[in-house]
Amino acid sequence: MIYMKVNRGADCPNKGRTKNIFRHAVQRTGSHLRRTLWILSAFAGMAFVPGAASADFPDRPITLVVPYGPGSTIDGVARALGQGAQKRLGQSIVVENRSGAGGAIGAMHVGRQSPDGYTIGLVSNNPFVLSHFTKSMPLHPVEDFSHIITTAGYLMAVAVHANSEINSIQELVEAAKLEPGKLTYSTSGTASTGYLNMEEFAALAGIEVTHVPYKSGAEAVTALLSDQVNFYADAAWAPFARDGRLRPLLIFAGQRSNRYPDVPVPNDIVSANVQPGQLMLVAPKGVPEPVLQKLHDAFKATSNDAEYLAVTDRFNLEPLYLGPDATRDALAKTMAPLKKMFDTLGLGKQ
């Protein structure tokens with residue numbers, strides 16, 4: 001067995017020199033390590049600089065969430081918008097339907113995604129706001145989202161089956177007064193604009209009707225066409241009116257439509273506070289401004305395409321453009337009147 005003797009204290013003549021060499025080596029190593037870590041962190045930080053990410057946007061497909069089912073008005077508009085915008089952005093836009101709770105489920109999904117511009121949603125202004133009031137969407141529609149563009153306005157109507165014995169809104173009111181609660185109507189959900197406007201109209205007209213909510217406008221129309229309800233109150237009615245399967249009795253607007261001048265509006269019968277319907281694109285809060293601008297520009301250009309305009313015409317949509325700030329402001333302005341209607345009608349108890 002071999003033993004090694006280690007000199008300590010005064011027995012080691014190079015004690016001080018050895019310590020100095022070791023100390024300098026550690027200092028040089030530590031300095032080099034700190035310099036290396038600083039360089040690496042700098043490069044890592046560059047990967048997350050918003051400007052760098054924005055310059056490459058988009059470098060993968062974008063998901064466009066529709067908070068209603070396939071076949072609905074918003075679904076048709078979203079697909080037309082996506083087809084046009086993807087040509088300008090150079091990446092595919094994939095439409096994803098997430099229906100339920102009057103649009104709240106889809107809107108919540110959008111709001112909870114990463115704010116990188118790769119998940120956006122097409123929403124209807126009034127259900128978007130009402131979902132927040134009903135607490136089915138805790139996120140605030142103005143404060144908790146980025147707003148891209150408003151692309152169109154739309155007409156909602158009360159419609160009956162073409163074979164219905166009810167031929168006018170006056171006849172519907174009379175029938176409802178004779179048998180309160182017997183007449184049933186369908187909408188795309190409890191927080192839908194159709195529901196809001198119909199409930200206000202019913203209250204002002206002094207009638208009681210029974211609401212039957214569905215997950216989408218398409219399902220609600222199907223319910224009417226298959227005689228599951230007596231009438232319909234929402235926005236997906238126009239194509240079925242054109243082919244003669246439905247008959248509009250009342251259009252929820254401030255004044256009569258040029259397309260349907262013979263169909264009355266609520267103010268022809270009662271003094272109503274009708275909220276116009278608007279379609280807008282939103283994204284999670286915090287999307288970088290350059291990314292929002294790219295999205296806005298692509299969708300704005302698409303809104304002038306003949307293919308898109310043909311779709312909006314088929315659904316009786318009105319041309320309407322609002323930029324990011326104007327979209328946000330318009331949405332903010334609807335909050336107070338909708339909240340008043342919400343409280344007046346006691347919709348929070350639904």
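The values are calculated or read from the model by the stated rules, or taken from the named source; none is laboratory data. Given the structure is predicted, the values throughout are model-derived calculations rather than measurements. With ideal geometry, Cβ positions are generated from the backbone for all residues, glycine too; neighbour counts draw on all protein chains shown.
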Enumeration of residues in the range 204-217 that are surrounded by fewer than 21 Cβ atoms within 10 Å (Cβ to Cβ) and modelled with pLDDT under 90:
Lys215
Just give me the residues in the range 77-88 being surrounded by fewer than 21 Cβ atoms within 10 Å (Cβ to Cβ), farther than 16 Å from Asp313 by Cβ and not polar (S, T, N, Q), in sequence order.
Lys87, Arg88
Looking only at the range 230-288, filter to residues that are within 17 Å of the chain's Cα centre (by Cα) and surrounded by fewer than 21 Cβ atoms within 10 Å (Cβ to Cβ); which one of those is farthest from Val123 (Cα to Cα)?
Gly286
Residue count, the range 316-337, condition on the phi > 0 side of the Ramachandran plot and either basic (Lys, Arg) or surrounded by fewer than 19 Cβ atoms within 10 Å (Cβ to Cβ) (or both), comes to 0
Subset of the range 130-165 (residues that are within 14 Å of the chain's Cα centre (by Cα) and within 18 Å of Phe252 (Cα to Cα)):
Leu130, Ala152
Could you tell me whether Val221 is within 20 Å of His161 (Cα to Cα), β-branched (Val, Ile, Thr) and assigned to a loop (DSSP other than H, G, I, E, B)?
no
Mind checking which residues of the range 136-154 are more than 21 Å from Thr302 (Cα to Cα), touching a residue at least 40 places away in the same chain (Cβ under 8 Å) and surrounded by fewer than 24 Cβ atoms within 10 Å (Cβ to Cβ)?
Ser136, Val142, Glu143, Asp144
Strands (runs of 3 or more DSSP E) fully within the range 241-328 counting 2 or more residues that are in contact with a His (Cβ under 9 Å, 6 or more places away or on another chain)
246-252, 277-284
For the structure I just gave you, tell me whether Glu143 is charged (D, E, K, R) and either closer than 27 Å to Pro324 by Cβ or in contact with a Leu (Cβ under 6 Å, 6 or more places away or on another chain) (or both).
yes
Being in a helix (DSSP H, G or I) and of a type in the set (Ser, Thr, Tyr) is the requirement here; does Ser131 meet it?
yes
State the number of residues belonging to the range 134-154 that are of a type in the set (Phe, Trp, Tyr) and either in a loop (DSSP other than H, G, I, E, B) or modelled with pLDDT of 90 or more (or both).
1
